[in-house]
Each structure stands twice: as C-alpha cells, then as structure tokens.
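Student: Below is one structure. I have some questions about it.
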2 protein chains.
Amino acid sequence: MFKQKGLLIVLSGPSGVGKGTVCSYLREKQKDIIYSVSATTRKPRVGEVDGVNYFFKTKDEFEEMIKKDQLLEWAEYCGNYYGTPRTFVEETLEEGKDIILEIEVQGALKVKEKYPEGIFVFLIPPSFAELKNRIFYRGTETEDIIKSRMSIAKDELQMMKYYDYAVVNDEVPNAVKRIQSIIEAERLRKDRILPYYEQWLKEEL
Amino acid sequence: MFKQKGLLIVLSGPSGVGKGTVCSYLREKQKDIIYSVSATTRKPRVGEVDGVNYFFKTKDEFEEMIKKDQLLEWAEYCGNYYGTPRTFVEETLEEGKDIILEIEVQGALKVKEKYPEGIFVFLIPPSFAELKNRIFYRGTETEDIIKSRMSIAKDELQMMKYYDYAVVNDEVPNAVKRIQSIIEAERLRKDRILPYYEQWLKEEL
C-alpha cells in the first residue's frame, strides 16, 4: 500500500500580527491536523498552558536541547529562545499526517531550507497602524521591547517574498477560513492524489 | 495603480464525470468569478439554454469561427465541435477578473500551452463503475456513442498528470466546495498579494 508523507504547513508572520490567536482558533476548527508545540524560554502569558501553547523551558534546558540537536529550528528573539522540537515533526510527517508549525519568521526560513516542499503561509496585518496597536496594547512588554519589536516587525514584513501564501488577519475567523482553504487546496494537489488513482486505474481499466 | 491580470481557471475531466453539473452549481455559489461560455455544434440537452450553457452553433458557423481564429481552443469530440471563444476570455483576464472555463480534456491541454500559468482542475469520478453508470444513464446517447465515450474516458483519466489539482466528484456540493477552496487559495498566493503590499510598505515604513 502506497503511503504518502504528511503536509508540513508553516504559519508565520511579523511580531504582533496575531499568529498565536489565529493558530488557537484554527486548532478548534480544524481537528484533522496535528499542531506542533514550540519550546520557549519566554514567560507564559495569561491563559497559556505548558505543553499546549508552548513547552516552557529554562535557559539551561533550552541550551541543552540545542546541544543535543533536538530542535528543527531555533532562534533568539528579544532576549528569549524559541524553537521547534524536531522528533515530533519528523514522526508526524512520516506517519502521513499533516502538521502545522506556528513560528517566528527567522525560524520559518530555517525550516524552509530543510523542507522546501513545505507550505509557507505568511500572516499580514490589515495595516501598519494596526500592527503598532496590537504590539502596544498587548501590554505585557516594556517600552524598549515595543520599540525593538516594531523595528523587527518592519524587517519581518519584507520576508513575505519567501512564502507561498499571504493571509490578511483582519478578523481571526476570516483569517482561519482562508488558512483552511489553503490546507484543503494543498490536499487536492494532483501530486498528492495521483499515486492513489494510479493504483485505482491499474485495477479497473 | 498596479493592475493584475485575473486568474484563469480551467475545469475539466473525463467524459461523464459531471463537469457541466458541477460548473452550474459553482456558478450559483461563486458569484465573483466570470464563466466562459463554450461554443458547440452538439444538440442542446434538456434544460440547456443558448448563451448560458453553450452558444449552440451550426457546423458552418463553427467552422467560420475556426477560420477567423476566434477560438482559444477547439476540438472535435464524438462527431461534434466544442470550442472556447477567445476574445471574451482575453478581455476578462486583462480587466483583472477571474474566469473559469469548463471544457473537455483535449481543449484544456491546448489552453495549457497558451496559458501555463492557468489553474488546471481535473474532476475525477469516485470510481470507474460510477463513471460508466453516469455515461449510461445520461440517456441521451446511442449505444455506439456510449462505447466510444467509455473508451475516450479511459484515455482521458490518464491526463490527470497534466493538471494542478484533482477533485473527486462524489457529491456535487462537496466537489464545488473543494473547487471554491482552490480558488480562494490561489487568490492568496503570495505572488498575487505582494505587489499590493509592496505599495503599502513603501507608503507606511
């Protein structure tokens, strides 16, 4: 029996665009996909649960994971580490299941080097003013961090060109519907369907 | 102001798979897309309307269109001509509107030569037995025509490899939803969004 690898979907976008919120909502709506959980050394925000939103790690623990090559990608970002545990992603794909990674722009580009066949979705704010608001009103950050984030966000927006799709996050349910269409369409790519049909054609014709 | 060409979407598939039914239903559900109307010399089926389902032509009229290069593609199929009027398609795309062509497999491959950037969707039956049923029970054809259609359908199914997407027509509303996801996803391709955002980045950063 022919077995196909799962789809690797990477959801990314500039700081403050709402990747986490969109991904949480997608998680409720799209149950037939596996969600990769990132590791981070940053402090949990209100409502975030260890092992669901992130694996919260100490700096020492994270550096141990780096040393042992346990991360598919990792980056330091505003003084914190973020990374994707490798084994879970690799095993899920081998099992033929689709997996989604919600990660920072730097990390996404590293994943693209390893998985150029992945589907890279770039979340964009409806306007730059809106992005500023979102970073500002998140309220968890000091003024210095806000400034640093805005500057990074500007650079990150330029990274859209390395992605396959661009989805405006005007309203979360709309953004999620768009991402669901992308997942559906990618599953309908001829290259994914053809191997099954070739089997079928051999049997029936 | 930057203006982008529309998407050219080609919906095709083997004889009897239900292209016409799927396209009629899509037409009701997806109003923001233009539907190209083919020309044909075959007789109208019950419920088909001239200028909506097809432009019904005599053999002489059709051959005149061929001579005047008024067709984007045309083919002879079971003793009848089928073709796509050229000007309407070209003008719609230039206006930046998306257009869908529901055409036979032969014709689709000709369109692909001219528009390799088009989106080619191949409709497939849920099984070969089902395809046989559909051709048989359409009831408008003689036995010879049915045999000829089945033989052509077998060859046509092999053409899936030239397409971008494959959509199973198990139930018409399902097939239409899948096609709508493909249209949505293709509209979200980074190459379509980037030019607008480059403008936006220039203004705001």
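The values are calculated or read from the model by the stated rules, or taken from the named source; none is laboratory data. As the structure is a prediction and not an experimental result, all values here were calculated from the model. Here the Cβ is made from the backbone with ideal geometry for all residues, glycine too, and neighbour counts use every protein chain on show. Accessible surface is based on the protein model in full, side chains and every heavy atom, while ligands, DNA and RNA are left aside. Shrake-Rupley method; radii C 1.70, N 1.55, O 1.52, S 1.80 Å.
Student: Could you work out how much longer the chain between residue A:43 and residue A:114 gets when fully extended? Use 0.36 nm per residue separation minus the Cα distance between them, nm to one decimal.
Tutor: Length gained between residue A:43 and residue A:114: 22.7 nm.
Student: Taking a label point 7 Å from Cα toward Cβ, how far is residue B:133 from its twins in the other copies, in nm, shortest first?
Tutor: For residue B:133, the other copies' label points sit at 5.4 nm, shortest first.
Student: Please give the FRET efficiency for residue A:21 paired with residue B:60, using the beta carbon to beta carbon distance and R0 = 60 Å, rounded to the nearest 0.05. Please list the in-between numbers first.
Tutor: Values: r = 63 Å, r/R0 = 1.05.
The calculated FRET efficiency here is 0.40.
Student: Moving to a separate point now. Can you tell me how much longer the chain between residue A:199 and residue A:29 gets when fully stretched, taken as 0.36 nm per residue apart minus their C-alpha distance, in nm with one decimal? Write out the running numbers ahead of the final one.
Tutor: On the way: separation 170, 0.36 × 170 = 61.20 nm, distance 3.25 nm.
So the extension gain works out to 58.0 nm.
Student: Using helices alone, I'd like the mean residue ellipticity at 222 nm for chain B: each DSSP H run of four-plus residues gives -39500 (n - 2.57), total over residue count, nearest 500. All intermediate terms of the calculation are to be shown ahead of the outcome.
Tutor: Values: 8 runs with 95 residues, N = 205.
So the helix-based figure for chain B works out to -14500 deg cm²/dmol.
Student: Measure out, as a whole number of angstrom, how far apart the alpha-carbon centroids of the stretch B:1-44 and the stretch B:172-192 sit.
Tutor: 13
Student: Still on this structure: Just want to confirm a number: the relative contact order over chain A, from Cα pairs under 8 angstrom separated by 6+ residues, in percent. Can you show the working numbers first?
Tutor: On the way: 292 pairs, mean separation 65.7, N = 205.
32 percent.
Student: Past 28 Å, Cα to Cα: identify those pairs from A:31/B:177; A:154/B:177; A:97/B:114, in the order given.
Tutor: Checking Cα-Cα distances, A:154/B:177; A:97/B:114 exceed 28 Å.
Student: Could you list which residues have their amide H under 5 Å from that of residue B:123, counting only those 5 or more apart in sequence or on another chain, with H placed in the peptide plane?
Tutor: B:12, B:13, B:167
Student: If you take every residue apart from residue A:87 with its C-beta less than 13 Å away from the C-beta of residue A:87, what net charge results, scoring Lys and Arg +1 and Asp and Glu -1?
Tutor: Values: positive: A:68, A:86; negative: A:69, A:90, A:91, A:94, A:95.
Overall, the nearby charge balance is -3.
Student: Would you give the gap between the C-alpha center of the stretch B:65-98 and the C-alpha center of the stretch A:61-92, rounded to a whole Å?
Tutor: The stretch B:65-98 and the stretch A:61-92 have Cα centres separated by 54 Å.
Student: Using a Gaussian network model on chain A with a 10 Å cutoff between Cα atoms, which of A:52, A:89, A:17 fluctuates the most?
Tutor: Maximum among the listed residues: A:52.
Student: Could you pull the Rg and Dmax for chain A, using just the Cα atoms, both in Å?
Tutor: Spelled out, the Cα radius of gyration and Dmax of chain A are 18.1, 69 Å.
Student: With a 1.4 Å probe and all protein chains in place, put B:200, A:74 in order of accessible area, largest first. Don't skip to the answer; put the middle values down first.
Tutor: On the way: B:200 35, A:74 90 Å².
Output order, biggest surface exposure first: A:74, B:200.
Student: For a Förster distance of 30 Å, can you work out the FRET efficiency between the beta-carbons of residue A:171 and residue B:192, rounded to the nearest 0.05?
Tutor: 0.90
Student: Right, here's the next one. FRET efficiency for residue B:3 and residue A:133, Cβ-Cβ distance as r, R0 = 25 Å, nearest 0.05?
Tutor: Plugging the Cβ-Cβ distance into 1/(1 + (r/R0)^6) gives 0.20.
Student: Dividing the Cα convex hull volume of the stretch B:89-165 by residue count, how many Å³ per residue is that?
Tutor: Normalising the Cα hull of the stretch B:89-165 by residue number yields 119 Å³.
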